[in-house]
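Input: a single structure, listed below in C-alpha cells.
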Amino acid sequence: MRVALTAVLDGVPDALARFLDHRLPLWAAGVIVCGLPLGSNLWDQFRLRQDLDGARNAMFDQGVQRASAAWLAEHGAHRPIVVTFYATGAYELLTDGVVRPIYVFPLVRHSNDGRYQPDLVATWRTLLADGGPEARYAMLPLGENPVEAQHFDEPAIRDALSQVAQGERVAVFSNQRGEPLLEVWRVTPRPTLPTAGNTNRSTQPATD
C-alpha cells in the first residue's frame, strides 16, 4: 500500500507528500490510491462527453446523424449521395435499412501524398447521370473535420457539384451549440454541353 501511495504522491509537493505518507492511516491511503485515479478518469470522461456533445463535425455527433437519418426516411430520400466515409453503415442502422446511401468517398478521395487528385466534376456528372433527369439528394459536410480534411478536399467537392448540378439546400443539421455540421441538397443535373463537332446546337453554357 505504501508503494502505491508513494507512486500516487509523486506529483504532490514534498512537504505534503511526507505528511500524507507518514501520518495517513492505511484506510485513508487506500481511498487516495483508488480515488485519485478514478476521479481523474471521471473528469477526463466528462470532458470527452462535453467535446462529443459539442463536436464540430458529424462524425462524432450522434444527434446530427439520427436527425438526418429521420429526415431522409421521412422525405423519401432513400438513396442520397454521401461523399465522406463517416456515415458508412450509420443510416442503414438508424433506419432499419430504409435509407441506403450511395457512398462515393473512394471516388473523391485524393492520395495521402497529394499526387493523385480525382476528377471531381466528371465524378459528379457520372453519379447524377445514373439517375436520369430526376432530382437527387446529396449530403455535404459542414463544420470542421481534421480527419477527413487529410483525405478529401471538401470545398472542391462542393464546387464541382455546383458546376454540374443546380439545386437548393433543403435541410441543415446542427450540434447542440447551434453550429451547422451537415446539409442536404436536392440537386438536378444541368444539361450537358454539346460536343465540339455538333454545329446545329447552341454552344452557350446552360443557365439556371
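Here ASP53 fulfils each of the conditions (1) surrounded by fewer than 16 Cβ atoms within 10 Å (Cβ to Cβ); (2) at pLDDT 70 or above apart from (2). For the stretch 115-135, what are the residues that are charged (D, E, K, R) and at pLDDT below 90? Of everything in the stretch 115-135, those that are charged (D, E, K, R) and at pLDDT below 90 turn out to be ARG115, ASP130, GLU134. The number of residues in the stretch 140-182 being touching a Ser or Thr at 6+ places or on another chain (Cβ under 7 Å) and without any contact (Cβ under 8 Å) to a residue 60 or more places away in the chain comes to 4. Checking each residue in the stretch 57-99 for being part of a loop (DSSP other than H, G, I, E, B), free of Cβ contacts under 8 Å to residues at least 40 places away in the same chain and in contact with a helix residue (DSSP H, G or I) (Cβ under 6 Å, 6 or more places away or on another chain) picks out PHE60, THR95, VAL98, VAL99.
Looking only at residues in the stretch 158-177 that are touching a strand residue (DSSP E or B) at 6+ places or on another chain (Cβ under 7 Å) and outside any strand (DSSP E or B), which one is surrounded by the fewest Cβ atoms within 10 Å (Cβ to Cβ)? Outline the logic, then answer.
Taking the stretch 158-177 and keeping what is touching a strand residue (DSSP E or B) at 6+ places or on another chain (Cβ under 7 Å), we get 158, 161, 164-175.
Now drop any that are not outside any strand (DSSP E or B), which leaves 158, 161, 164, 175.
Working: ARG158: 17, LEU161: 24, VAL164: 20, ASN175: 21.
Residue satisfying both the conditions and the ranking: ARG158.
The values are calculated or read from the model by the stated rules, or taken from the named source; none is laboratory data. Fair warning: this is a prediction, and the values are worked out from it, not measured in the lab. For neighbour counting, all protein chains shown are included, and Cβ atoms are generated from backbone atoms with ideal geometry for every residue, glycine included.
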